[in-house]
Amino acid sequence: MENSHIETFKAAAQGNGWPTKVEITNTEWTLKLDEPVEDGGSNTGPNPMQYFIASLAGCQNEQSQVVAEELSLNITQVDINVEIDLDLSGFMGMSDNSNHSFKNVRLNAVVSGEVTEEQVKILGQKVDDRCPILALLRNSGCEINSNWTKK
């Protein structure tokens, strides 16, 4: 049975020097990834982890707009700040640990608009439940600390 709700996302990456300057291209846009100078890069773009964190913040922001509309909430702005702890020991070759997992996510969202604190809490819960990036982290065993407040 075919699931009409499945969408395939694609990216193609081409690196032109280790460990930096990877370009991910699509028909409509190009993302440039790099590393800081102290890590051997030239700092011409965010590193992959920064893109991942930005993806989470962007997903939460997009979902907040969709859910607010569904709930008929009048929000004017959502400020989202994300911090993620990542165990780098396996990545850096410092251990045999192949589980390069994220350990903790701290997500703080501040909502402006004509909404109550209770409406913001409901909004946050629905957004957290629907964001596929957050679900990926949650399903990996990462501890999620999400805090939604009214400005």
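The values are calculated or read from the model by the stated rules, or taken from the named source; none is laboratory data. Note that the structure is a prediction, hence the values are computed from the model and not measured.
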Determine whether the stretch 132-148 contains at least one residue that is over 25 Å from Leu31 (Cα atoms) and part of a helix (DSSP H, G or I).
-> yes
Within the stretch 1-112, strands (runs of 3 or more DSSP E) holding 3 or more residues that are at pLDDT 85 or above and of a type in the set (A, V, I, L, M, F, W, C) | 74-86
